[in-house]
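The values are calculated or read from the model by the stated rules, or taken from the named source; none is laboratory data. The structure presented is a predicted model; accordingly, all values stated were derived computationally and were not measured. Every residue, glycine as well, gets a Cβ built from its backbone with ideal geometry; the counts of neighbours run over all protein chains shown.
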């Protein structure tokens, strides 16, 4: 293997108030950009969604977006990511994005991971906004489609141990589907 060139990037993590109200309205109020993809896990299933110009739509077979059942969620695009996660009865929330200042990391080129396979065009709703697919382990997904995107693009951020020189993955950010 040849040399690997890393880029220095600064990542800003902004802690936000825990969410204890209507999740859909809270997410659209917190999101600062026009569009985003939503992926979350709830006690009653997998949630896929799409935010377009302040309008959040969920996949037809997704469970309702409820604070009582949500385990974790990511609302993301190329520029930033909003994360929610459950700690006991509280939903924590933060925004992560690259900035001029913040935590300093080394980053390699973006990685792309196969997330889904076997699209079923017959299962697409009439508007074509979502398409039913199977995950690598056979689980049922309904990501935003048209065109059908089956890979998740991620950027990893590395920290170097000062005493050993070894790199470890300190953070990662979801960038989009492709």
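State which residue pairs qualify: first residue on the phi < 0 side of the Ramachandran plot and at pLDDT below 95 and inside the range 89-101, second residue buried (at least 17 other Cβ atoms within 10 Å of the Cβ) and not in a strand (DSSP E or B) in any location, beta carbons under 6 Å apart, and separation of 6 or more residues or different chains. So the pair list comes out as 91/67.
Each residue in the range 75-86 was checked for being within 16 Å of residue 152 (Cβ to Cβ) and either part of a loop (DSSP other than H, G, I, E, B) or without any contact (Cβ under 8 Å) to a residue 12 or more places away in the chain (or both), and 2 pass. The sole residue among 72, 97 that is within 18 Å of residue 154 (Cβ to Cβ), out of contact with any helix residue (DSSP H, G or I) (no Cβ under 9 Å at 6 or more places or on another chain) and surrounded by fewer than 16 Cβ atoms within 10 Å (Cβ to Cβ) is 72.
Any residue at all in the range 22-42 that is touching a residue at least 12 places away in the same chain (Cβ under 8 Å) and out of contact with any strand residue (DSSP E or B) (no Cβ under 8 Å at 6 or more places or on another chain)? Looking through the range 22-42, none of the residues is touching a residue at least 12 places away in the same chain (Cβ under 8 Å) and out of contact with any strand residue (DSSP E or B) (no Cβ under 8 Å at 6 or more places or on another chain). When the strands (runs of 3 or more DSSP E) confined to the range 1-66 are screened for residues that are exposed (fewer than 14 other Cβ atoms within 10 Å of the Cβ), those reaching at least 3 such residues are found at 7-19.
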